[in-house]
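J.: I am attaching a structure below and will ask some questions about it afterwards.
The values are calculated or read from the model by the stated rules, or taken from the named source; none is laboratory data. As the structure is a prediction and not an experimental result, all values here were calculated from the model. Counting neighbours? That spans all protein chains shown, and the Cβs are built from the backbone with ideal geometry, glycine included. Accessible surface is based on the protein model in full, side chains and every heavy atom, while ligands, DNA and RNA are left aside. Shrake-Rupley method; radii C 1.70, N 1.55, O 1.52, S 1.80 Å.
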Amino acid sequence: MVDVLVVGAGPVGLACAIEAKRLRLSHLVLERGTVAETIYRFPRNMVFFSEGKNLEIGGHPLVAHGPKPTRREALLYYQRVAEREALNVLTHTEVLRLEGQEGAFQVLAKDRYRERTFLARYVVLATGYYGNPNRLGVPGEDLPHVFHRYEEGEAFFGRKVAVIGGSNSAVEAALELYRAGAQVTLVHRGTWVRPSVKYWLLPDFENRVKEGSIQALMEAWVEAITPEGLCLRRPGGRAFLPADFVLVLIGYRAEDRLLREAGVVYEGEKPRLTPEFETSIPGLFAVGSCAFGPDTRSVFIENGREHARLALSAIAKRLAP
């Protein structure tokens, strides 16, 4: 039995493990993918909005070639931190369910070969949101040419691609697809893309639309997706947009299945938490964006690190002799 079992080896989960280690608590981190799996799955050429100092954990400096780290720089940073801190991380091990209470949790997980049960006095969930994209909820959304995650544009060279969304993910994908040779149309239900789009992307996008390199369909609601394209509803009536591929990039919501299945009490769409991020189940904590339902815009690595500190400090006090 370990003192603290952390679910998720993203930046906040790793911050929990570092806090546990420095508080002299035994720990184990279970991660269904690789260390920093979320960042590994980010678009290949993504640049962070935050400066490197806001992404750092454990006091380890994040050195980047530019003013803001790239996906690859951040990915290598977190993996190196896990290595240098000698954190106890089991990758490619997915947690299926958890049960128990403070002092005696049982966590069932599955690796590549078998299911295993791990024992822990406390459990901290740091599962984030990137594995749970929002869906349109329209017919055809599960067709094979529809994707809810974007990696890189080269695979779409010469094809018509509809990008649905109006925030960073959609705008950045549209620009990359255009430069990779795709014929891009961005579809958004608002009157224009969000003003919170990264400041270096917004003027680029606006100029590409003005020159006709990217088509922008605003105030357009998707009613259905067909193999041939999108069925849209617009103020002037219904329309059809031909598309070979469709990218649905409309944000994410907390990946909180484990919390809900464990029986955690929710208030609206968010779990009820103490100031130390403990749920209604004593000994079960939820840190980072996994505890904030659809509100993924107010929780970042920067303040998620503070969640980790508060949760682990509370656990250490209870385990103190």
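J.: Which of the following residues is in a loop (DSSP other than H, G, I, E, B) and in contact with a helix residue (DSSP H, G or I) (Cβ under 6 Å, 6 or more places away or on another chain): Glu302, Glu276?
T.: Criteria check complete, one pass: Glu276.
J.: Are any residues in segment 97-109 surrounded by 15 or more Cβ atoms within 10 Å (Cβ to Cβ) and among the hydrophobic types (A, V, I, L, M, F, W, C), and if so, which ones?
T.: Leu98, Phe105, Val107, Ala109
J.: Identify all residues within segment 108-129 that are at negative phi, in contact (Cβ under 8 Å) with a residue 60 or more places away in the chain, of a type outside the set (Ser, Thr, Tyr) and touching a Ser or Thr at 6+ places or on another chain (Cβ under 6 Å); write none if there are none. Break it down stepwise before answering.
T.: Start the filter on segment 108-129 by keeping residues that are at negative phi, which leaves 108-127, 129.
This time we only want the ones that are in contact (Cβ under 8 Å) with a residue 60 or more places away in the chain, so: 109, 118-127, 129.
Now restrict to residues that are of a type outside the set (Ser, Thr, Tyr): 109, 118-121, 123-126.
Once the filter is applied, which keeps residues that are at negative phi, in contact (Cβ under 8 Å) with a residue 60 or more places away in the chain, of a type outside the set (Ser, Thr, Tyr) and touching a Ser or Thr at 6+ places or on another chain (Cβ under 6 Å), segment 108-129 yields only Ala109.
J.: Can you tell me which residue is nearest to Arg24 (Cα to Cα) among those in segment 280-297 that are under 13 Å from the mean Cα position of the chain (by Cα) and part of a loop (DSSP other than H, G, I, E, B)? So that I can check it myself, show each step before the final result.
T.: Within segment 280-297, the first condition is being under 13 Å from the mean Cα position of the chain (by Cα), and the residues that meet it are 288-297.
Now drop any that are not part of a loop (DSSP other than H, G, I, E, B), which leaves 292-297.
Values: Phe292: 29, Gly293: 32, Pro294: 35, Asp295: 33, Thr296: 32, Arg297: 33 Å.
If we take residues in segment 280-297 being under 13 Å from the mean Cα position of the chain (by Cα) and part of a loop (DSSP other than H, G, I, E, B), then Phe292 is nearest to Arg24 (Cα to Cα).
J.: Quick one: which strands (runs of 3 or more DSSP E) lie wholly within segment 129-241 and hold at least 3 residues that are open to solvent by 30 Å² or more (accessible area, probe 1.4 Å) and either modelled with pLDDT of 95 or more or more than 30 Å from Ala286 (Cα to Cα) (or both)? Explain how you work it out, then say what you get.
T.: Values: elements: 160-164, 183-187, 214-217, 221-226, 229-234.
It comes to 221-226, 229-234.
J.: Collect the residues in segment 242-255 that are at pLDDT 95 or above, not in a strand (DSSP E or B) and not hydrophobic (A, V, I, L, M, F, W, C), keeping them in residue-number order.
T.: The answer is Asp244, and nothing else.
J.: If the requirement is being open to solvent by 60 Å² or more (accessible area, probe 1.4 Å) and touching an Asp or Glu at 6+ places or on another chain (Cβ under 7 Å), which of these qualifies: Arg112, Arg121?
T.: Numbers: Arg112 fails: touching an Asp or Glu at 6+ places or on another chain (Cβ under 7 Å).
Result: Arg121 is the single residue among Arg112, Arg121 that is open to solvent by 60 Å² or more (accessible area, probe 1.4 Å) and touching an Asp or Glu at 6+ places or on another chain (Cβ under 7 Å).
J.: Sticking with this one: Check Tyr252, Tyr266 and return the single one that is of a type in the set (Ser, Thr, Tyr), out of contact with any strand residue (DSSP E or B) (no Cβ under 8 Å at 6 or more places or on another chain) and within 30 Å of Glu19 (Cα to Cα). If you could, list the steps in order and put the result at the bottom.
T.: Numbers: Tyr252 fails: out of contact with any strand residue (DSSP E or B) (no Cβ under 8 Å at 6 or more places or on another chain).
Being of a type in the set (Ser, Thr, Tyr), out of contact with any strand residue (DSSP E or B) (no Cβ under 8 Å at 6 or more places or on another chain) and within 30 Å of Glu19 (Cα to Cα) holds for just one of Tyr252, Tyr266, which is Tyr266.
J.: Restricting attention to segment 32-52, and to residues there that are closer than 18 Å to Arg305 by Cβ and part of a loop (DSSP other than H, G, I, E, B), which single residue is most open to solvent (accessible area, probe 1.4 Å)?
T.: Phe49
J.: Quick one: count up the residues across segment 287-311 that are at positive phi and touching a His at 6+ places or on another chain (Cβ under 7 Å). Walk me through it before giving the result.
T.: First, the residues of segment 287-311 that are at positive phi: 288, 293.
Restricting the remaining residues to those that are touching a His at 6+ places or on another chain (Cβ under 7 Å) gives 288.
Here the count works out to 1.
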